[in-house]
Amino acid sequence: MSRNGQRGQAAVPSAEFRSYYGRAVLKTPVWEWKIPAYLFTGGLSAGSAMLAAGADLTGRPDLRRTGRLAALGSLVVSTVLLIADLGRPERFHHMLRVAKPSSPMSVGTWILVAYGPGAGVGGLAELVPSGLRRTLPGRLLCRMARPAGLAAAAVAPGVASYTAVLLSQTAVPAWHEAHPCLPFVFTGSAAASGGGLGMALTPVAQAGPARRLAVVGALLETAASRMLGRQTGVSAEAYSTGRAGRLKSWAEALTAGGAAGTVLARRSRTAAVASGLALLAGSALQRFAVFEAGVASTKDPKYVVVPQRERVDAGIPVRGDDRAPAGGAG
């Protein structure tokens, strides 16, 4: 109150959240480029495995070979990137000591364990020279290829989406607030990249399933990516500004262009290659955009403080505050 009994106006301007006593509210992830690259190659492997299984069942040997080899190759690259980021290879082995359903990392580890053998057998079967196919080991490997490929395809959706669940369970605001949409972004991206690679490396006559998978994946990825920017509250700003915003714009443009190009890819090998590469690039940039948005959201405390204040103002209890309100019935 002022001296004359009248209420004075607040002299303190609205706070701009920049730091907490000179320190960040959250620690910035120490992950490097290897992690978004790992997210992309893992999704590419999953999309390729699903495509290979469909090609195998519909009698398309060229597309089956492309899908199986892509699934195995990208899985190997993904594993190398993950182990390189962990720093010590035995850390991955240590995660196999327990199975914890409440831990996305533990569940994701076992999903990879279930997926890897099938993708490996299917890919190795395509690499067996014709001379060795007549031997007993060669015949056994080729006979195991179909059930192994189908098993990998059954687990592939989990491989495509578990990393999104893993990110959304962290304290990083842009990832945590995006948990309703992020799995759909990653799953669509995996399908678009798998279909895109199939289009680029397979003759046009056999690439029909690849084109359809690419279009469906591109539509899902684009729709979920747009919803990502609308449903994450203040954290949506992290996806539309700075480096993340630029990467996301390029990703959506390349994905849309690649999907549109599949119309021409039905008859033109050149269009198929160009559209497939555009879809691959769009999928990769989408993963890097999500990664950069998460990193940016840890550097500005407003992404933490503003949602907390909004929840308090809305009367939503904070975690651990389950006490009855004052004055309630006793």
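The values are calculated or read from the model by the stated rules, or taken from the named source; none is laboratory data. All figures in this text were calculated on a predicted structure; none of them were measured in a lab. Here the Cβ is made from the backbone with ideal geometry for all residues, glycine too, and neighbour counts use every protein chain on show. Each accessible area value is taken on the protein alone, full model and side chains, heavy atoms only, with ligands, DNA and RNA left out. Shrake-Rupley method; radii C 1.70, N 1.55, O 1.52, S 1.80 Å.
Brief remarks on what is shown
- Rolling a 1.4 Å probe over the protein chains gives residue 299 an accessible area of about 130 Å².
- Using C-alpha pairs below 8 Å separated by at least 6 residues, the relative contact order for the stretch 33-300 is 21 percent.
- The 1.4 Å probe gives accessible areas that order 80, 273, largest first, as 80, 273.
- Note on exposure: 202, 135 ranked by accessible area (1.4 Å probe, complete protein assembly) read 135, 202, with the most exposed listed first.
- The convex hull drawn around the Cα atoms of the stretch 160-237, when projected onto a plane and averaged over every direction, covers 5.2 nm².
- Per residue, the stretch 33-300 exposes an accessible area of 43 Å² to a 1.4 Å probe, with every protein chain left in place.
- The portion of the accessible surface of the stretch 192-282 made up by carbon and sulfur, rounded to a whole percent, is 63 (1.4 Å probe; DNA, RNA and ligands excluded).
- Burial order of peptide ranges 119-126, 257-264, 188-195, 207-214 (average beta-carbon count within 10 Å, highest first): 188-195, 207-214, 119-126, 257-264
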